[in-house]
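Participant: Here it is, the structure in full.
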Amino acid sequence: MNHIAVPAAAAALRAGGCVVYPTETFFALGALATEAAALARVVAVKARPATKPLPLLVGGLDQLSGVVAVGFLDGPLGGDFRELAALFWPGPLSLVVPCREALPGLVKDGRGFVSVRYTPHPVAAALCRLAGGAVVATSANVSGNPPAADVAALDPAVAAASDGVVAEGPAPGGGLASTVAGLLGGRRLRIFRQGATALAALRAAGYEPCLPQA
């Protein structure tokens, strides 16, 4: 297993590579959101369906400008987005928003929407900042296999297929993945996945979570 430090991992990402790194929950396999060939490599390593968009992390609110569609933050849903970000970020709430057209297809759905969150993990956030943009955060495992919260539990084939493994900093804590929500306007949220941000916390903040119909 090729262990590398955060600056070397960020350099690998900027060069169009992919790396394994820790997040608040599990180890992730990541690439820069703008690097289409690296994203395809991530999908191939995981044997992940290409029709399932790859979620993104940012290491600061200033990095959102490279992700969200031009004008979104000043549009009708921008107020809800900014308030949710102020209340729950950095943290395990992923927001599904319209993204920049230039982002590769593997990170967005057919409507041109992407899932993004501001990670609270110091290593993951530093990696995003040093790499210069949003980084994909999909669990570092073959799809269908358990994710790894311990570096020793990483799939050797996945680790070997990356350009290095970052093992420094706090270990992932395991547990629930992030809650994934879309903005419906009027302080209503479409819940795509229930996770670490409790629906009760969203309601306490004045939002109405709407669950998919059974």
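The values are calculated or read from the model by the stated rules, or taken from the named source; none is laboratory data. As the structure is a prediction and not an experimental result, all values here were calculated from the model. Ideal geometry is used to build each Cβ from the backbone, glycine not excepted, and the neighbour counts take in all protein chains shown. Accessible surface is based on the protein model in full, side chains and every heavy atom, while ligands, DNA and RNA are left aside. Shrake-Rupley method; radii C 1.70, N 1.55, O 1.52, S 1.80 Å.
Participant: Please go through the stretch 149-188 and pick out each residue that is without any contact (Cβ under 8 Å) to a residue 60 or more places away in the chain and either buried (at least 17 other Cβ atoms within 10 Å of the Cβ) or at positive phi (or both).
Facilitator: Hits for the stretch 149-188 are D155, G186.
Participant: Taking the stretch 142-163 on its own, how many of its residues are touching a strand residue (DSSP E or B) at 6+ places or on another chain (Cβ under 8 Å) and part of a loop (DSSP other than H, G, I, E, B)?
Facilitator: Of all residues in the stretch 142-163, those touching a strand residue (DSSP E or B) at 6+ places or on another chain (Cβ under 8 Å) come to 147-149, 151, 154, 158-159, 162-163.
Adding the requirement that they be part of a loop (DSSP other than H, G, I, E, B) leaves 147-149, 154, 162-163.
The number of residues fulfilling the criteria is 6.
Participant: Is it fair to say A204 is open to solvent by 80 Å² or more (accessible area, probe 1.4 Å), hydrophobic (A, V, I, L, M, F, W, C) and modelled with pLDDT of 95 or more?
Facilitator: Numbers: open to solvent by 80 Å² or more (accessible area, probe 1.4 Å): yes; hydrophobic (A, V, I, L, M, F, W, C): yes; modelled with pLDDT of 95 or more: yes.
Spelling it out, A204 is indeed open to solvent by 80 Å² or more (accessible area, probe 1.4 Å), hydrophobic (A, V, I, L, M, F, W, C) and modelled with pLDDT of 95 or more.
Participant: Right, here's the next one. I need the full set of residues from the stretch 53-68 which are open to solvent by 50 Å² or more (accessible area, probe 1.4 Å) and either at pLDDT below 95 or hydrophobic (A, V, I, L, M, F, W, C) (or both), in order please.
Facilitator: Hits for the stretch 53-68 are L61, S65.
Participant: Another question, then. Take the stretch 192-201 and flag every residue that is loosely packed, with under 15 Cβ neighbours inside 10 Å and closer than 18 Å to P55 by Cβ.
Facilitator: Correct list: R193 only.
Participant: Based on what the data block shows, is S94 in a strand (DSSP E or B), among the polar types (S, T, N, Q), under 18 Å from T34 (Cβ atoms) and touching a strand residue (DSSP E or B) at 6+ places or on another chain (Cβ under 7 Å)? Spell out how you get there, then give the answer.
Facilitator: Values: in a strand (DSSP E or B): yes; among the polar types (S, T, N, Q): yes; under 18 Å from T34 (Cβ atoms): no; touching a strand residue (DSSP E or B) at 6+ places or on another chain (Cβ under 7 Å): yes.
No.
Participant: Based on this model, can you work out whether V96 counts as within 13 Å of the chain's Cα centre (by Cα), aliphatic (A, V, I, L, M) and open to solvent by 10 Å² or more (accessible area, probe 1.4 Å)?
Facilitator: Numbers: within 13 Å of the chain's Cα centre (by Cα): yes; aliphatic (A, V, I, L, M): yes; open to solvent by 10 Å² or more (accessible area, probe 1.4 Å): yes.
In short, yes.
Participant: Condition first: of a type in the set (V, I, T) and out of contact with any Cys (no Cβ under 8 Å at 6 or more places or on another chain). Now tell me which residues in the stretch 52-81 satisfy that. Step through it out loud before you land on a result.
Facilitator: Kept after step one, since they are of a type in the set (V, I, T), are these residues of the stretch 52-81: 58, 67-68, 70.
Of everything in the stretch 52-81, just one residue is of a type in the set (V, I, T) and out of contact with any Cys (no Cβ under 8 Å at 6 or more places or on another chain), namely V70.
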